[in-house]
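One structure below.
The values are calculated or read from the model by the stated rules, or taken from the named source; none is laboratory data. Just so we're clear, the structure is a prediction, and the values are computed from it rather than from any experiment. Here the Cβ is made from the backbone with ideal geometry for all residues, glycine too, and neighbour counts use every protein chain on show. Ligands, DNA and RNA are stripped out before the accessible areas are found, and what is left, the full protein with its side chains, is counted by its heavy atoms. Shrake-Rupley method; radii C 1.70, N 1.55, O 1.52, S 1.80 Å.
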Amino acid sequence: MDRVGIIGGGQLAWMMCPPAQKLGIDAIVQTPSPKDPAAATAVEIVLAPVADATATAQLAQRCDVITFENEFVDLEALSKLARQGVCFRPSLESLAPLLDKYHQRSFLQDLGVPVPKFFTLTPNKPLPELQFPVVLKARRHGYDGRGTAILKDWDSLKATWQDWLKVNWDKSKQPSLLLEEFIPFDRELAVIAARNASGEIAIYPIVETQQEDQVCRRVLVPTDVPPAAIERIEAISRTILEKLQVVGLFAIELFLTRDGKVLVNEIAPRTHNSGHFSIDASETSQFEQHLRAVSDRPLGSTAMTCAGAVMVNLLGYETSNSDYLEKRQQLMQIPNTRVYWYGKTESRPGRKLGHVTVLLDGTHADLRKSGIEVARKIESIWYPN
């Protein structure tokens, strides 16, 4: 399969295009604007919203297989194309239990994978007994902290609930939300895992993710968690990929509790921010790996090419049209640094504008401490305060 369609044209699709060229694959992108990041690097573009199934039918005529940059898709509309023979990878069947966060939680629980306690929060439905703080989530269409809130008491829960009902996240007449117990974790972790059609599985080193306001600020690899936790996470990854018969690459976000337990937080059925380090620090990047999986190529090695790495997101902190060139040039002066700028024309608070990866060498006795120090240096240059 040498022609791969990608639904979505943001930075994830943009970072998929260079390895596509390396593999001899034509990347064809469906995206709503010619200003979207991947529009500049794709071989062809279908200009249309990502949920436009009519446009996806046109995309299918130009490629051998279709994959996804994000999960904001209409499975019901796409299923009509699948019945006509269009090849989606991951399959629509493997995506179905994951796109709605409540369905995802229920799927994992039925699979025996540990997750936080959870409930649906629906108008006119009695509230469960709660121990605060709690986590409120939109069941669909939340990202980068949008659609997630940590609430400390009944008043804040009721106020946020009423505000979110006006947003109508899942586009239904009676929107329901997901309510979860708050996990007092020791670390937040993530793992990238891929599987191809022949059943071959490749798992990347587990990373530590550090969040602020429910948005990932930095990623550290490798993580210094206990070997038993690493074995458990890898086993969970294999269980999920095998159960869903995944063809493609998934990111699994997890909590490591203070007493050493591992719980799954969320699954992203696509390439993911927590795997950006792999572009520079792994033999095979997550983007090349995903393309290998969906195009029936052998999976590549996930081995690190350096002792460790830290990835820092460059998040918007103001509303402007600046390209922040001077700041980016300062960042490039840090040794062993790679700066990725997504080419977005507008900045707004919390928006992912780019990322920085710094490779760490074996002279660092404490890679985690070194990574945090480097991250702070990057953030002192990027953020004005």
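Accessible area per residue for the chain in Å², computed with a 1.4 Å probe and the full protein assembly in place, what is it?
Values: 16860 Å² over 385 residues.
Solvent-accessible surface per residue comes out at 44 Å².
Using 0.36 nm times the number of residues separating residue 51 and residue 200, minus their current alpha carbon distance, what extension gain do you get? Can you show the working numbers first?
Details: separation 149, 0.36 × 149 = 53.64 nm, distance 3.05 nm.
Between residue 51 and residue 200, full extension yields an extra 50.6 nm.
Find how much the distance from residue 154 to residue 74 grows on full extension, using 0.36 nm per residue of separation minus their present alpha carbon separation; answer in nm with one decimal. Please list the in-between numbers first.
Details: separation 80, 0.36 × 80 = 28.80 nm, distance 3.45 nm.
Extending this stretch completely gives an extra 25.4 nm.
What FRET efficiency, computed as 1/(1 + (r/R0)^6) with R0 = 30 Å and r the Cβ-Cβ distance, is obtained for residue 242 and residue 211, rounded to the nearest 0.05? Could the numbers behind the result be given before it?
Details: r = 29 Å, r/R0 = 0.96.
Rounded to the nearest 0.05, the efficiency is 0.55.
What does the C-alpha gyration tensor say about the overall shape of region 277-365? Classify as rounded when a/c is under 1.5, otherwise prolate if a/b is larger than b/c, or oblate.
Working: a/c = 3.06, a/b = 1.41, b/c = 2.17.
Taking the square roots of the gyration eigenvalues as a ≥ b ≥ c, region 277-365 is oblate.
Which of the DSSP-defined H helices in the chain satisfy a minimum axial length of 27 Å, computed from C-alpha atoms, and a minimum mean Kyte-Doolittle hydropathy of 0.0?
Details: long enough: none.
TM-like helix candidates: nothing returned.
Taking just the alpha-carbon atoms of region 230-292, what radius of gyration and Dmax come out, in angstrom?
Values for region 230-292 (Cα only, Rg and Dmax): 12.6, 38 Å.
What part of the accessible area of region 245-377, given as a whole %, is carbon or sulfur when the probe is 1.4 angstrom? Could you put the intermediate results ahead of the total?
Details: 2360 of 5290 Å².
The computed percentage sits at 45.
Using only DSSP helix segments of four residues or longer, with each worth -39500 (n - 2.57), what per-residue ellipticity at 222 nm results for the chain after dividing by its residue count and rounding to 500? Intermediate results must be reported in sequence, preceding the final value.
On the way: 11 runs with 113 residues, N = 385.
One gets -8500 deg cm²/dmol as the mean residue ellipticity at 222 nm.
Return the ratio Rg/(2.2 N^0.38 Å) for region 1-76, where Rg is computed over Cα atoms only.
Numbers: Rg = 10.9 Å, N = 76, 2.2 N^0.38 = 11.4 Å.
Here the Cα radius of gyration is 0.96 times the empirical estimate.
Count neighbours as other Cβ atoms within 10 Å of each site's Cβ, and list the trypsin sites (Lys or Arg not before Pro) in region 217-278 that are DSSP loop with at most 15 such neighbours.
Counting only loop positions with at most 15 other Cβ atoms within 10 Å, the trypsin sites (Lys or Arg not before Pro) in region 217-278 are 258, 261.
Of all the accessible heavy-atom surface of region 5-99, with the other protein chains kept in place and a 1.4 Å probe, what percent is carbon and sulfur? Don't jump to the answer; show the numbers that get you there.
Working: 1960 of 3880 Å².
Here carbon and sulfur together make up 51 percent of the probe-accessible area.
Starting from the Cα-Cα distance between residue 103 and residue 348, subtract it from 0.36 nm times their residue separation and give me the gain in nm to one decimal. Don't skip to the answer; put the middle values down first.
Numbers: separation 245, 0.36 × 245 = 88.20 nm, distance 3.15 nm.
Additional length available on full extension: 85.0 nm.
Return the loop-located trypsin sites (Lys or Arg not before Pro) in region 73-164 (DSSP other than H, G, I, E, B) with at most 12 other Cβ atoms within 10 Å of their own Cβ; answer none if there are none. Could you put the intermediate results ahead of the total?
Numbers: sites: 80, 83, 101, 105, 117, 137, 139, 140, 146, 152, 158; in loops: 117, 139, 140, 152.
Here the trypsin sites (Lys or Arg not before Pro) that fit, given the DSSP loop and packing criteria, are 152.
Could you pull out the GluC sites (Glu not before Pro) across region 198-257 that fall in loop regions by DSSP (anything but H, G, I, E, B) with no more than 12 other Cβ atoms inside 10 Å? Could you put the intermediate results ahead of the total?
Working: sites: 200, 208, 212, 231, 234, 242, 253; in loops: 200.
Passing sites in region 198-257 are 200.
Decide, for the chain, between rounded, prolate and oblate: order the square roots of the alpha carbon gyration tensor eigenvalues as a ≥ b ≥ c, take rounded if a/c falls under 1.5, and otherwise choose prolate if a/b is larger than b/c, else oblate.
Numbers: a/c = 1.26, a/b = 1.03, b/c = 1.22.
Here the chain falls in the rounded category.
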